[in-house]
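Beneath this line is the structure, given in structure tokens, with notes to follow.
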Amino acid sequence: MSLFLILLAGGDGKRLKSHTPKQFQVVNNATLLEHSLNAFKGFREIKKTIIVYNNKHKKYIKNINFK
């Protein structure tokens, strides 16, 4: 069976009261989005990953190392 992983990363994180959206905050040398991606690394059934993000956050997306 093939699965698709869809990660929703479009929020602004206003309740965090930071200029950087929550999904792009760095914790232990990786963004929260990267931690989410790493959580699914071992699932061989996942054939495609889709990240939904807000277009105004492109500058943050460009800094993420997608492997």
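The values are calculated or read from the model by the stated rules, or taken from the named source; none is laboratory data. Everything numeric in this text was worked out from a predicted model, so none of it was measured. Cβ: placed from backbone, ideal geometry, glycine included. Neighbour counts: every protein chain shown. Only protein heavy atoms, including side chains, enter the accessible area calculation; ligands, DNA and RNA are left aside. Shrake-Rupley method; radii C 1.70, N 1.55, O 1.52, S 1.80 Å.
Cross-link partners of residue 22 among aspartates and glutamates, defined as those whose alpha carbon lies under 16 angstrom from its own and excluding same-chain residues fewer than eight positions apart: 12, 34.
At a 1.4 Å probe, what is the % contribution of carbon and sulfur to the accessible area of the chain? It is 52 percent, rounded to a whole number. Legend: Rg and Dmax of the chain, from Cα coordinates, 12.6, 41 Å. Residues in the chain average 82 Å² of solvent-accessible surface per residue, probe 1.4 Å, ligands and nucleic acids excluded. Dividing the summed -39500 (n - 2.57) terms of all DSSP H runs of n ≥ 4 by the residue count of the chain sets its mean residue ellipticity at 222 nm at -4000 deg cm²/dmol. Between residue 63 and residue 28, the simple spin-label model (points 7 angstrom out along Cα→Cβ) gives 2.0 nm.
With the dipole of the chain worked out from charges on the C-beta (+1 for Lys and Arg, -1 for Asp and Glu) around the Cα centre, which of 28, 8, 61 lies farthest toward the positive end? It is 61, whose Cα lies furthest towards the positive end.
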